[in-house]
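Engineer: Structure in structure tokens, see below.
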Amino acid sequence: MKDILFFKNKNYLIKNLFPKHKLKKNTLIKRVKPLLTASANDLTFFDSKKYESEACLTKALYCLTNEKLSKILPTKVTPIIVKNVLFELALVLKKIYPTADIDYPDKSLKLSNKRKYKSVEFGNNVLIGNNVKIGKNTKIGANTIIEHEVCIGSNCIIGSNVVIKNSIVGENVVMQDNNKIGQKGFGFIPIKNKNIKFPHIGNVIIEDDVEIASGCTIDRGSVDNTIIGKNTYLDNQVHIAHNVKIGSNCMIAGQVGFAGSSKVGNNVSIGGQAGISGHLKIGNNVKIGGGSGVVKDIGDNQIVMGYPAVPLKEFLKKRKT
């Protein structure tokens with residue numbers, strides 16, 4: 001699926017973004033991108049050694065980072081050294097994407113036009129924004145809102161009272177009632193007595209054959225995208241935070257919560273009310289018991305349970321003692 005730019009961006013010369021830094025060249029910066037997807041005209045950022053392998057492969061020419069991590073970057077990358085990477089990144093994002101820190105109402109919304117979408121079936125009071133694309137034979141329930149630029153594939157079923165924004169939806173996707181997809185995530189930088197809002201410029205990408213039950217919330221990415229892989233099923237009231245990536249053929253039971261930027265492999269099953277902490281990697285074919293709290297990475301083919309989540313044999317042994 002191809003990314004769509006949902007937020008208008010302003011171009012800045014790098015010296016205008018960082019006037020206090022003595023930069024030799026004055027490259028035009030068009031976007032902010034993660035380490036692996038950034039190109040020469042993108043600004044990227046590196047704030048944790050956990051992303052060292054990605055930092056070594058970046059194609060960006062400028063990278064926001066701290067003094068210690070700057071030594072890891074390739075020689076072609078000019079480090080912009082700051083004390084608080086995420087705080088400085090938030091300030092830059094506000095300049096380049098001035099409308100991304102708040103979800104403003106979509107003023108382009110209008111009642112669905114059945115002449116424009118001849119093969120789409122609409123319920124009552126469906127509102128559609130500008131430049132929305134909806135595939136053939138898709139059905140959309142009453143009172144649903146689909147905001148500007150959203151793309152929805154063919155043969156989808158979208159329930160009633162659903163809100164979709166900043167999202168690209170594949171084919172044969174089922175979304176039941178009351179889902180909220182593509183809203184701003186929970187991102188703040190605490191500075192003294194004030195919380196600085198962190199703009200979220202990413203998308204939600206929902207791949208083919210995904211099913212999302214009622215009352216789920218899926219936040220768009222902060223700088224990267226939030227992705228739900230093919231043939232993955234979400235039960236009721238699942239929350240997926242910004243930048244989370246869930247693989248294919250996963251089964252996520254009700255009230256599971258994912259914190260930001262965690263990555264889940266393929267064929268993963270997660271029991272109800274489990275919690276997944278942020279910036280974790282969960283391997284393929286993993287099973288996580290209901291009510292578990294995952295606070296560390298999990299390798300492939302493991303079964304874990306408990307809080308903190310441990311291998312199932314260890315969990316059962318502790319229960320016996």
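Engineer: Could you tally the net charge around Ile303, taking each other residue with its Cβ under 13 Å from the Cβ of Ile303, Lys/Arg +1 and Asp/Glu -1?
Structural biologist: Net of charged neighbours comes to 0.
Engineer: If you don't mind, another one. Once amide H atoms are placed 1.01 Å from N in the peptide plane, what residues at a sequence separation of 5 or more from Ile152, or on another chain, have their amide H within under 5 Å of its amide H?
Structural biologist: For Ile152, whose amide H was placed from the backbone, the distant partners under 5 Å are Lys133, Ile134, Gly135, Val169.
Engineer: Counting other Cβ atoms within 10 Å of each Cβ, which trypsin sites (Lys or Arg not before Pro) in the stretch 180-217 have at most 14 and sit in a DSSP loop? Mind showing how you got there, number by number?
Structural biologist: On the way: sites: Lys180, Lys184, Lys192, Lys194, Lys197; in loops: Lys184, Lys192.
Here the trypsin sites (Lys or Arg not before Pro) that fit, given the DSSP loop and packing criteria, are Lys192.
Engineer: Rounded to whole Hz and in sequence order, give me ³J(HN,Hα) for the stretch 158-168 from the Karplus expression 6.51 cos²θ - 1.76 cosθ + 1.60, θ = phi - 60°, writing x for Gly and Pro.
Structural biologist: Once rounded to whole Hz, the list reads 10, x, 8, 6, 9, 10, 10, 9, 6, 9, 10.
Engineer: Count charges around Lys180 for me, please; just the other residues with Cβ under 15 Å from its Cβ, Lys/Arg as +1, Asp/Glu as -1.
Structural biologist: On the way: positive: Lys165, Lys184, Arg220; negative: Asp103, Asp106, Glu147, Asp177, Asp219.
Combined, the nearby Lys, Arg, Asp and Glu give -2.
Engineer: Moving on to the next point. If we sort 262-268, 132-138, 220-226 on the protection proxy, mean other Cβ atoms within 10 Å, highest first, what's the order? Numbers along the way, then the final one.
Structural biologist: Working: 262-268: 21.0, 132-138: 17.7, 220-226: 25.6.
Top to bottom by mean Cβ count within 10 Å: 220-226, 262-268, 132-138.
Engineer: Among DSSP bridges having both ends in the stretch 12-96, what percentage is antiparallel? Round to the nearest 5.
Structural biologist: Values: 2 of 12 bridges.
Beta bridges within the stretch 12-96, antiparallel portion: roughly 15 percent.
Engineer: Compare Pro79, Pro308, Pro34 in a GNM of the chain, Cα atoms joined below 10 Å, and give the one with the largest fluctuation.
Structural biologist: So, out of Pro79, Pro308, Pro34, the one fluctuating most is Pro308.
Engineer: Which ³J(HN,Hα) values in Hz, rounded to whole numbers, follow from the phi angles of the stretch 206-213 under the Karplus curve 6.51 cos²θ - 1.76 cosθ + 1.60, where θ = phi - 60° and Gly and Pro get x?
Structural biologist: Couplings: 10, 7, 4, 6, 7, 10, 10, 6 Hz.
Engineer: Kindly work out what percent of the DSSP beta bridges joining two residues of the chain are antiparallel, to the nearest 5.
Structural biologist: Values: 10 of 72 bridges.
Expressed as a percentage, antiparallel bridges in the chain total about 15.
Engineer: Report, in listed order, any pair from Lys76/Lys192; Lys49/Lys263; Lys59/Lys245 with a Cα-Cα distance greater than 25 Å. Before the final figure, lay out each step's value.
Structural biologist: Details: Lys76/Lys192 36 Å; Lys49/Lys263 17 Å; Lys59/Lys245 22 Å.
Beyond 25 Å: Lys76/Lys192.
Engineer: Please compare each pair in Lys71/Lys94; Lys71/Lys287; Lys83/Lys107 to a cut-off of 31 Å on the Cα-Cα distance and tell me which ones are over it.
Structural biologist: On the way: Lys71/Lys94 27 Å; Lys71/Lys287 38 Å; Lys83/Lys107 39 Å.
Over 31 Å Cα-Cα: Lys71/Lys287; Lys83/Lys107.
Engineer: Next question. Once you have a ≥ b ≥ c as the square roots of the Cα gyration tensor eigenvalues for the chain, tell me rounded if a/c is under 1.5, and otherwise prolate or oblate according to whether a/b is larger than b/c. The partial results should precede the final answer.
Structural biologist: Working: a/c = 2.09, a/b = 1.11, b/c = 1.88.
It is oblate, given that a/c is not under 1.5 and a/b is not larger than b/c.
Engineer: Counting only other residues whose beta carbon sits under 12 Å from that of Asn284, what net charge do I get with K and R as +1, D and E as -1?
Structural biologist: Numbers: positive: Lys263, Lys281, Lys287; negative: Asp300.
So the environment of Asn284 carries a net charge of +2.
Engineer: If the only charges are +1 at each Lys and Arg Cβ and -1 at each Asp and Glu Cβ, what is the size of the charge dipole of the stretch 112-320 around the Cα centre, to the nearest 20 debye?
Structural biologist: Values: 25 positive and 15 negative charges, 99 e Å.
That gives the stretch 112-320 a dipole magnitude of about 480 debye.
Engineer: For the stretch 1-140, rounded, prolate or oblate, judged on the Cα gyration tensor with a ≥ b ≥ c (square roots of eigenvalues), a/c < 1.5 rounded, else prolate if a/b > b/c?
Structural biologist: On the way: a/c = 3.09, a/b = 2.41, b/c = 1.28.
Prolate is the answer for the stretch 1-140, as a/c is 1.5 or above and a/b outweighs b/c.
Engineer: Among Tyr117, Val238, Ala38, which residue has its Cα positioned farthest towards the positive end of the charge dipole of the chain, with +1 placed on the Cβ of Lys and Arg, -1 on the Cβ of Asp and Glu, and the dipole taken about the Cα centre?
Structural biologist: Ala38
Engineer: Using helices alone, what [θ] at 222 nm do you get for the chain, with -39,500 (n - 2.57) per DSSP H run of 4 or more residues, divided over all residues and rounded to the nearest 500? Show your work: numbers first, answer last.
Structural biologist: Numbers: 5 runs with 33 residues, N = 321.
Mean residue ellipticity, 222 nm, calculated: -2500 deg cm²/dmol.
Engineer: Report, by chain and number, residues whose modeled amide H sits under 5 Å from the one on Leu64, excluding near sequence neighbours (fewer than 5 apart, same chain).
Structural biologist: Thr44, Phe45, Phe46, Ile80
Every number here is computed from the coordinates shown, using simple stated rules; none is lab data. Fair warning: this is a prediction, and the values are worked out from it, not measured in the lab. As a convention, Cβ positions derive from the backbone with ideal geometry for all residues, glycine included, and neighbour counts pool all protein chains shown.
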